[in-house]
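A quick write-up on the structure given underneath.
The values are calculated or read from the model by the stated rules, or taken from the named source; none is laboratory data. What you see is a predicted model, and the numbers here were worked out from it, not measured in a lab. With ideal geometry, Cβ positions are generated from the backbone for all residues, glycine too; neighbour counts draw on all protein chains shown. Each accessible area value is taken on the protein alone, full model and side chains, heavy atoms only, with ligands, DNA and RNA left out. Shrake-Rupley method; radii C 1.70, N 1.55, O 1.52, S 1.80 Å.
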Amino acid sequence: MTRLGVLLSGRGSNFLAIADAIASGKLPGAEIAVVISNIPDAPGLDAAKQRGLTAIGIASKGRKRAEHDAEVVAKLKEHRVELICLAGYMRLLSAEFVQAFPNRILNIHPSLLPSFPGLDAQKQAFDYGVQCSGCTVHFVDEQLDHGVIILQKQVQVLPGDDDHALAARILEQEHVAYAEAIARVISGEYAIVGRRYLPKS
């Protein structure tokens, strides 16, 4: 079983989707070893505890990034985490954090990267007037929303949409995409060539 560590800052809807996929058998070979939040009262921690999972708050406010990241990394290693899933974790990871888990940190972003990185990606896409947006699951590197892309899901922008309606439909696809991407990674049946994720035939 691949031991997952989930990092979140809020309600953790993508965390819940991962947990549901594991519980239903749609994501075999994985278990959630620990859920960590930089916000000690994040609703996602309560949701994790309700599911009987280990949930830990490690406050980041007022602390240096390197110090906070080192504590999180230590806690992940203590729980023997093999793959980290960022699920609404609203912090940039330090280079030291990323280097501690090379190509073992995943993130999901609500746009078709490289378009619209950063915050409010759904509104960025809507305001730009795109006809198609979506979500991206990618490996995390030292740059923002930049690592090798594992999987993308497209979502059409409908004539009656506003940015909130678009965001809601993208979120539905995020919940599907993250479990699919985790399954791809834990299978080991891939290679990374340059910036390309290539499934093994």
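Observations on the model:
- Selection from PHE139, ALA165, VAL193 lying farthest towards where the dipole of region 102-201 points positive, charges on Cβ: VAL193
- Virtual spin-label span in nm between ALA59 and GLN131, 7 Å along Cα→Cβ: 5.1 nm
- Only one residue of GLY57, PRO114, CYS85 has its Cα farthest out toward the positive end of the dipole of region 44-194, where Lys and Arg carry +1 and Asp and Glu -1 on Cβ, and that residue is GLY57.
- Residue-by-residue Karplus 3J(HN,Hα) for region 115-127, coefficients 6.51, -1.76, 1.60, Hz, glycine and proline x: 6, 6, x, x, 6, 6, 4, 5, 5, 4, 5, 4, 5
- Karplus 3J(HN,Hα) series, Hz, for region 94-104 with 6.51 cos²θ - 1.76 cosθ + 1.60 (x for Gly, Pro): 5, 4, 5, 4, 4, 5, 6, 9, x, 6, 10
- For region 193-201, the Karplus equation 6.51 cos²θ - 1.76 cosθ + 1.60, evaluated at θ = phi - 60°, returns couplings of 10, x, 9, 9, 8, 10, x, 6, 7 Hz by residue, with Gly and Pro reported as x.
- The sum of -39500 (n - 2.57) across all DSSP H runs of n ≥ 4, divided by the residue count of the chain, sets its helix-only mean residue ellipticity at 222 nm to -11000 deg cm²/dmol.
- Report note on the peptides 117-126, 155-164: ranked by the mean count of other C-beta atoms within 10 Å, highest first, their order is 117-126, 155-164.
- The length gained on full extension between ASP41 and VAL176, counted as 0.36 nm times the residue separation minus their Cα-Cα distance, comes to 45.9 nm.
- With 24 Å as the limit on Cα-Cα distance, the pairs of LYS26/LYS49; LYS26/LYS75; LYS26/LYS200; LYS49/LYS77; LYS77/LYS153 that go past it are LYS26/LYS75; LYS77/LYS153.
- Amide H to amide H, with H built 1.01 Å from N, ILE105 comes under 5 Å of ILE84, VAL140, counting only residues 5 or more places away or on other chains.
- Measuring between their Cα centroids, region 127-171 and region 1-51 lie 22 Å from each other.
- Solvent-accessible area, 1.4 Å probe, carbon plus sulfur percent, for region 20-122: 52 percent
- Other-chain or far-sequence residues with amide H under 5 Å of SER9's (modelled H): TYR89, MET90
- With respect to the chain, whose longest principal axis is taken over its alpha-carbon atoms, helix 163-187 is tilted by about 50°.
- Residues whose amide H lies under 5 Å from that of TYR197, counting only those 5 or more places away or on a different chain, are ILE149; hydrogens are built 1.01 Å from N in the peptide plane.
- Relative to the dominant Cα principal axis of the chain, helix 65-78 is inclined by about 70°.
- Sum of side-chain charges, LEU151 neighbourhood, beta-carbon under 14 Å (Lys, Arg +1; Asp, Glu -1): 0
- Point-charge dipole on Cβ atoms (K/R +1, D/E -1) for region 118-172, about Cα centre, debye to 20: 220 debye
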